[in-house]
Amino acid sequence: MPTGAASNSVPMGQSPTPASSPLALTDDELDVVRRFAQPLPRADRDSYLRRVAALLVGREIGPGILHRVCEQAQLELRRPPTLDGRSRLPAGKYT
């Protein structure tokens, strides 16, 4: 199994091979992928799934690596909500 450093070997937006074969995931593994996709806007979910697939190419898929890859892909695509370009937290009495 490759080391954790390999998870960053595929730049975002690039696929390691032009015609990758589909990943074979169990129902439980697919549930993990779906749960990490839920907080993302629907428009970003395709990019998220492609990023997860790219990070998993050539790796032995298990619960630990799948969780780390899904988390990494989610964090790369996550955009905190903002209101009118301001911080998402309202100003407190001490700010």
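Readers should treat all values here as calculations from the given coordinates under stated rules, not as data from a laboratory. Please read all numbers here as calculations on a predicted model, not as lab measurements. A quick note on method: Cβ atoms are made from the backbone with ideal geometry, for glycine too, and the neighbour counts reach across all protein chains shown.
Couple of notes before you dig in:
- Contact order, relative form, for segment 32-79: 56 percent (alpha carbon pairs under 8 Å, 6 or more residues apart, mean separation divided by residue count).
- Cβ-to-Cβ counts within 10 Å put 57, 52 in ascending order as 57, 52, the fewest first.
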